[in-house]
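J.: Take this structure, written in structure tokens, and hold onto it; I'll ask about it next.
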Amino acid sequence: MELDWLEDFLALVDHQHFGRAAEARNVSQPAFSRRIRLLEAWLGAPLFNRDTHRVALTPAGEQWRPTAEDLLRRLTQGREQTRAMAEGFVSTLRFASTHALSITFFPQWLEAIETQAPLSSSVSLVTDNMAGCERIMQQGHAQFLLCHHHPSTPVSLRPNYFISIDVGHDVLIPVSAPAPDDPARPRFALPGRLGAPTPYLAFGEVSGMGRILASTHALEGPSMWLEPRFTAHVATVLAAMTRAGRGMAWLPMSLIARDLAEGGLVRAGDAAWDVPIDIRLFRPRARQTAAAEAFWTRLKARADADPRSSAP
């Protein structure tokens, strides 16, 4: 079996289409399809159902997927540990973070940690939507994932392979631009009315906050008072559209606190519409580099000494 086969398999799982997966892997579709067939021959089982519009995993493919993710992650981590050993234990802490938290939380959080004791390692941060960050972690290209989290919303990082800790708290708040004739009143308010629903600016499915809102709204029943007008997976884009008066949106307080204080945005509904969320850091269960393990130990000790220290 070749390493490329694992990466090809996971690319096809992500894209559910041979052409798009081949493009993402930068190979021709015939070559990509041939490597998938070689993997299936090596395993002795078909991994994908090719009879549907979207390529779907067979039961055997579902069984193989966590093994493939774990194998690729361990190989990548092993390579990083070997490189760190060759470089005299000099290592980099590699983070993946959702877009909003990379701006609103990560810099202050890291500074608060370094206030106690400077880090001996360099830090690398890559940002993406939640689905992209999960993929980065599954493939072993980051040691930690910083994201928003809600108990009702599952993530694709399986608990038998990943563990996590809460490092802060946030809240999704329904907001709107102020009404033209009254800056204290929202231009678009909740609840809307049947027949005249409120214009709604929504997070996309690949967004972590989009998943959270979808799951919490599902628990409460679908709203008949919202009319989706715009969708994006980046919170800063939705915030800009909300300020421009295009509709109302649920946005994290960490991003819009200044807007609320200065009147650029106002609440579109009372606190009953708020969705409290955690800021969570994920890591693989498998042992990582010495620097990553030391950083995790510091976080655990910090949380145990003072639970309030999880927020910067």
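J.: Of the numbered conditions (1) at pLDDT below 85; (2) within 14 Å of the chain's Cα centre (by Cα), T127 satisfies every one except a single condition; which is it?
T.: (1)
J.: Given the criteria open to solvent by 10 Å² or more (accessible area, probe 1.4 Å), within 15 Å of L299 (Cβ to Cβ) and not acidic (D, E), does L125 qualify?
T.: In short, no.
J.: Would it be correct to say that T58 is modelled with pLDDT of 90 or more, surrounded by 12 or more Cβ atoms within 10 Å (Cβ to Cβ) and within 30 Å of L172 (Cα to Cα)?
T.: For T58, the condition - modelled with pLDDT of 90 or more, surrounded by 12 or more Cβ atoms within 10 Å (Cβ to Cβ) and within 30 Å of L172 (Cα to Cα) - is not met.
J.: While we're here: Please tell me if A291 is assigned to a helix (DSSP H, G or I), in contact (Cβ under 8 Å) with a residue 12 or more places away in the chain, touching a strand residue (DSSP E or B) at 6+ places or on another chain (Cβ under 7 Å) and closer than 26 Å to A96 by Cα. Walk me through it before giving the result.
T.: Numbers: assigned to a helix (DSSP H, G or I): yes; in contact (Cβ under 8 Å) with a residue 12 or more places away in the chain: yes; touching a strand residue (DSSP E or B) at 6+ places or on another chain (Cβ under 7 Å): yes; closer than 26 Å to A96 by Cα: yes.
Yes, satisfied.
J.: Can you tell me which residues in segment 128-160 are open to solvent by less than 10 Å² (accessible area, probe 1.4 Å) and farther than 21 Å from W296 by Cα?
T.: Answer for segment 128-160, where residues must be open to solvent by less than 10 Å² (accessible area, probe 1.4 Å) and farther than 21 Å from W296 by Cα: M130, G132.
J.: Continuing with the same structure: Being part of a helix (DSSP H, G or I), aliphatic (A, V, I, L, M) and more than 22 Å from the chain's Cα centre (by Cα) is the filter here, so list the residues in segment 7-30 that pass it.
T.: A22
J.: Could you give me the residue pairs with C-beta distances under 9 Å whose first residue belongs to segment 155-180 and is under 24 Å from L260 (Cα atoms) and among the small types (G, A, S), whose second residue is part of a loop (DSSP other than H, G, I, E, B) and open to solvent by 50 Å² or more (accessible area, probe 1.4 Å) wherever it lies, and which are 6+ apart or on separate chains?
T.: Matching pairs, first to second residue: G168/P312; S176/R187; A177/R187; A177/A244; A177/R246; A179/R187.
J.: Same structure again: Which of the following residues is touching a helix residue (DSSP H, G or I) at 6+ places or on another chain (Cβ under 9 Å), over 18 Å from A179 (Cβ atoms) and not polar (S, T, N, Q): A240, A235? Walk me through it before giving the result.
T.: Values: A240 fails: touching a helix residue (DSSP H, G or I) at 6+ places or on another chain (Cβ under 9 Å).
Being touching a helix residue (DSSP H, G or I) at 6+ places or on another chain (Cβ under 9 Å), over 18 Å from A179 (Cβ atoms) and not polar (S, T, N, Q) holds for just one of A240, A235, which is A235.
J.: Could you run through segment 1-45 and say how many residues are of a type outside the set (K, R), open to solvent by 80 Å² or more (accessible area, probe 1.4 Å) and more than 24 Å from R74 (Cα to Cα)?
T.: 3
J.: Right, another one. Given the condition part of a loop (DSSP other than H, G, I, E, B), open to solvent by 20 Å² or more (accessible area, probe 1.4 Å) and closer than 23 Å to T104 by Cα, answer yes or no: does some residue in segment 188-211 qualify?
T.: Checked segment 188-211: at least one residue is part of a loop (DSSP other than H, G, I, E, B), open to solvent by 20 Å² or more (accessible area, probe 1.4 Å) and closer than 23 Å to T104 by Cα.
J.: Next question, about the same structure. Kindly indicate which of P307, P276 is more than 20 Å from the chain's Cα centre (by Cα) and either surrounded by fewer than 15 Cβ atoms within 10 Å (Cβ to Cβ) or modelled with pLDDT under 90 (or both). It would help to see each step written out before you state the result.
T.: Details: P276 fails: more than 20 Å from the chain's Cα centre (by Cα).
Of P307, P276, the one residue that is more than 20 Å from the chain's Cα centre (by Cα) and either surrounded by fewer than 15 Cβ atoms within 10 Å (Cβ to Cβ) or modelled with pLDDT under 90 (or both) is P307.
The values are calculated or read from the model by the stated rules, or taken from the named source; none is laboratory data. Just so you know, these numbers come straight off a predicted model, no measurement behind them. Positions of Cβ are backbone-derived with ideal geometry, glycine not excepted, and every protein chain shown enters the neighbour counts. Side chains included, ligands, DNA and RNA excluded: accessible areas come from the protein's heavy atoms. Shrake-Rupley method; radii C 1.70, N 1.55, O 1.52, S 1.80 Å.
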